[in-house]
1. Does ALA124 qualify as being of a type in the set (A, V, I, L, M), surrounded by fewer than 20 Cβ atoms within 10 Å (Cβ to Cβ) and out of contact with any strand residue (DSSP E or B) (no Cβ under 8 Å at 6 or more places or on another chain)?
2. If I ask for residues that are modelled with pLDDT of 95 or more and more than 17 Å from MET163 (Cβ to Cβ), which ones from the range 173-205 would you list?
3. Give just the number: which of (1) within 16 Å of the ligand (Cβ to nearest atom); (2) within 16 Å of the chain's Cα centre (by Cα); (3) closer than 19 Å to HIS215 by Cα does VAL103 not satisfy?
4. Restricting attention to the range 150-171, report how many residues are more than 12 Å from the ligand (Cβ to nearest atom), of a type in the set (A, V, I, L, M) and in a helix (DSSP H, G or I).
5. Being more than 16 Å from the ligand (Cβ to nearest atom), part of a helix (DSSP H, G or I), surrounded by 12 or more Cβ atoms within 10 Å (Cβ to Cβ) and of a type outside the set (D, E, K, R) is the filter here; which residues of the range 11-52 pass it?
6. Any idea which residue in the range 172-188 is surrounded by the most Cβ atoms within 10 Å (Cβ to Cβ), counting only those that are within 15 Å of the ligand (Cβ to nearest atom) and within 21 Å of GLU88 (Cβ to Cβ)?
7. Which ones in the range 69-111 are part of a strand (DSSP E or B) and farther than 12 Å from ASP11 by Cα?
Amino acid sequence: MQRPLVLFDLDNTLVDRRGALDDWAAEFASRHGLEDEGRAYVLGVLAERAYPATFDVIRTRYGLPMSTAELWRVYCTDIAALVSCPAEVLDGLVELRAAGWRVGVATNGAVDIQRAKLRATGIAERVDGVFVSEEAGARKPQTRHFAMAAARCGTVLGDGGWMVGDNPVNDIGGGRSVGLHTIWIGDDRSWPPDHPGPDHTVPRARAAIDLLLLHAADRTRTTT
Ligand SMILES: [Mg+2]
């Protein structure tokens, strides 16, 4: 039997990026003597998109003395140290692979920071493949992003699979448009009414993993 594919989003799906970024922005503001407005601004722009260019903007706005490259390097190191993946989720990735799943990560972002987080949390060594959008300029919800992620896991989208993520447009809309089943990490939010809904909604990643393990067990029972 073909090993089924599941792709996970990284930020705010497998790791709590929001919490890490809050803590980091407070520390960054105090380190550079920024007021509360500065902390909120830095948090706002980085929450949206964290690339070296983002630090170019921050550096200019607050007249920071260090180079953009230096700011970016420190950011990557700090954030990698701050994010964590819950032990039950790390275990779940191992359980999925043991149950025959191909497990991948499909994430938008800059290669340096996303790879640093994947290594520091231990996710990298527990999955079959990873695709970071910057590697090929293919962001979710583009089809090419999902195709690249499937390829990194040694399969193709035509064989179907699942997408798990917190973003209604990038993860769920994108996953659905390439024919994947979808699980939305709702975290107590309500689904935006003008988007077609996910196949399943769960509060956190571990619940998505349990659902997939159950699904695989059912499938085995009905095909044997
Ligand atoms: Mg996300």
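The values are calculated or read from the model by the stated rules, or taken from the named source; none is laboratory data. Computed from a predicted structure; not experimentally measured. Using ideal geometry, Cβ is built from the backbone for each residue, glycine included, and neighbour counts are taken over all protein chains shown.
1. No; evaluated as a whole, the condition is false for this residue.
2. Scanning the range 173-205 gives a single hit, PRO203.
3. So the condition that VAL103 fails would be (1).
4. 3
5. Correct list: TRP24, ALA25, ALA26, PHE28, ALA29, GLY38, ALA40, TYR41, VAL42, LEU43, VAL45, PRO52.
6. Here the answer is ILE183.
7. Those that are part of a strand (DSSP E or B) and farther than 12 Å from ASP11 by Cα: ARG102, VAL103, GLY104.
Every residue, every condition in (1) under 30 Å from ILE183 (Cα atoms); (2) in the same structural domain as ASP166 (by TED's automatic domain parsing); (3) not polar (S, T, N, Q), yes or no:
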position: ASP9; (1), (2), (3): yes, yes, yes
position: GLU27; (1), (2), (3): no, no, yes
position: HIS32; (1), (2), (3): no, no, yes
position: ALA40; (1), (2), (3): no, no, yes
position: ALA50; (1), (2), (3): yes, no, yes
position: ALA53; (1), (2), (3): no, no, yes
position: ASP56; (1), (2), (3): no, no, yes
position: ARG61; (1), (2), (3): no, no, yes
position: ALA69; (1), (2), (3): no, no, yes
